[in-house]
Amino acid sequence: MLLKIPAVLSKEQIAQGRAVLEAAEWVDGNVTAGYQSSQEKNNIQLPEESTAARQVGDMILEALAKQLTFMSAALPCKIFPPLFNCYQNGHAFGAHVDNAVRYVKGTPVKIRTDLSMTLFFSGPEEYEGGELVIEDTYGSHKAKLAAGDMLLYPSTSLHHVTPVSSGRRLASFFWLESMVRSDEQRRILFDLDRSLQKIRLETPDHVELVPLTSVYHNLLRQWVST
Ligand code: NI
């Protein structure tokens, strides 16, 4: 499931985050690439342990914890500390699939990458090209979202970033391990949860709400691993 989560960060948070990112020291993006993706990757990024990355990353994680659509769709178990990249002067990232397992530097934590996230810090009007293109069984899907919006997509997907021919594209990218490993099962739970939320809003005393909520939790119990 590909899902756009709008306005994860407010305009003020984006401005604040950009000020920190712009003052930071950037390095070659291949520091976090595996062998296959390093052949395709051409951009710059903040080192994982950089103070600026941790500061803005924590702001993102705090905002996501309050995002009901994200929590319902992703059912996160472990989230990788957000990384940051910058594409300019023709930078691009050819077709690749993200590494299956990510190790959090300096810790014993490892994360199976079920879902990938890209949170845009630059608006689409600020650069040419720089589309995130994701392949699935229904073809290619292009994303170039507003600053503050985030795309959530299965880490199993082949994807690439088209060359940025002018301007600059700043974004955060990271991964998560979900409590529900299967994309299909997560989708069923998300659909059911969305319907339940709607009924709760429109008919809060609906007699079927309690039994349907039980079905949601009993399905989750079948599929969850924590
Ligand atoms: Ni990738």
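The values are calculated or read from the model by the stated rules, or taken from the named source; none is laboratory data. Remember, it's a predicted structure, so these values are computed and weren't measured experimentally. Every residue, glycine as well, gets a Cβ built from its backbone with ideal geometry; the counts of neighbours run over all protein chains shown. When the accessible area is computed, the model is the full protein with side chains, heavy atoms only, and any ligands, DNA or RNA have been set aside. Shrake-Rupley method; radii C 1.70, N 1.55, O 1.52, S 1.80 Å.
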Evaluated over the range 183-223, the Cα radius of gyration and Dmax, each in Å: 10.5, 32
Rank by packing, highest mean first: peptides 7-15, 83-91, 113-121, with packing defined as the count of other Cβ atoms within 10 Å averaged across residues. 113-121, 83-91, 7-15
Whole-percent carbon and sulfur contribution to the accessible surface of the range 115-226 (1.4 Å, no ligands, DNA or RNA) stands at 54 percent
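Using a cut-off of 11 Å between beta-carbons, work out the net charge of the residues near GLU177 (Lys and Arg +1, Asp and Glu -1, GLU177 not included).
Details: positive: LYS78, ARG102, LYS110, ARG112, ARG181; negative: ASP114.
Here the count lands on +4.
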Please report, to one decimal in angstroms, the Kirkwood hydrodynamic radius of the range 51-112 built from all distinct Cα-Cα pairs. 14.1 Å
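Skip the ligands, DNA and RNA, and give the accessible area per residue of the chain with a 1.4 Å probe, whole Å².
Values: 11470 Å² over 226 residues.
Roughly 51 Å² per residue, with all protein chains present.
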The chain: angle of helix 11-23 to the longest principal axis, Cα-based, in degrees nearest 10: 30 degrees
Nitroxide proxy distance, nm - points 7 Å out along Cα→Cβ at VAL101 and LEU2: 3.0 nm
In square angstrom, rounded to the nearest 10, how much accessible surface does ASP98 have for a 1.4 Å probe? 20 Å²
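For the range 11-88, what is the convex hull volume of the alpha-carbon atoms per residue, in Å³?
Values: hull volume 9.8 nm³, N = 78.
Residue-normalised Cα hull volume stands at 126 Å³.
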Length added when fully stretched, MET71-ASN89, from 0.36 nm per residue minus Cα-Cα: 2.9 nm
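So what is the orientation-averaged projected area of the range 87-155, using the convex hull of its C-alpha atoms, in nm²?
On the way: hull surface 24.2 nm².
Projected over every direction and averaged, the Cα hull of the range 87-155 covers 6.1 nm².
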Rounded to 10°, Cα long-axis angle of helix 183-202 versus longest principal axis of the chain: 60 degrees
For the chain, take the longest principal axis of its alpha carbons; what is the angle in degrees between that and the long axis of helix 51-65, to the nearest 10 within 0 to 90? 20 degrees
Roughly how much of SER72 is accessible, in Å² to the nearest 10, using a 1.4 Å probe? 10 Å²
Rounding to the nearest 20 debye, state how big the charge dipole of the chain is about its Cα centre with +1 on each Lys and Arg Cβ and -1 on each Asp and Glu Cβ. 360 debye
Using a 1.4 angstrom probe and counting only protein chains, how large is the accessible area of MET1 in Å², to 10? 40 Å²
Net charge near GLY94 (other residues with Cβ under 14 Å of its Cβ; Lys, Arg +1; Asp, Glu -1) is -3
Per residue, the convex hull enclosing the Cα atoms of the chain spans a volume in Å³ of 132 Å³
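So how much slack lies between LYS198 and GLU22, counting 0.36 nm per residue of separation and subtracting their Cα-Cα distance, in nm?
Numbers: separation 176, 0.36 × 176 = 63.36 nm, distance 4.10 nm.
Taking 0.36 nm per residue and subtracting the Cα distance, the gain is 59.3 nm.
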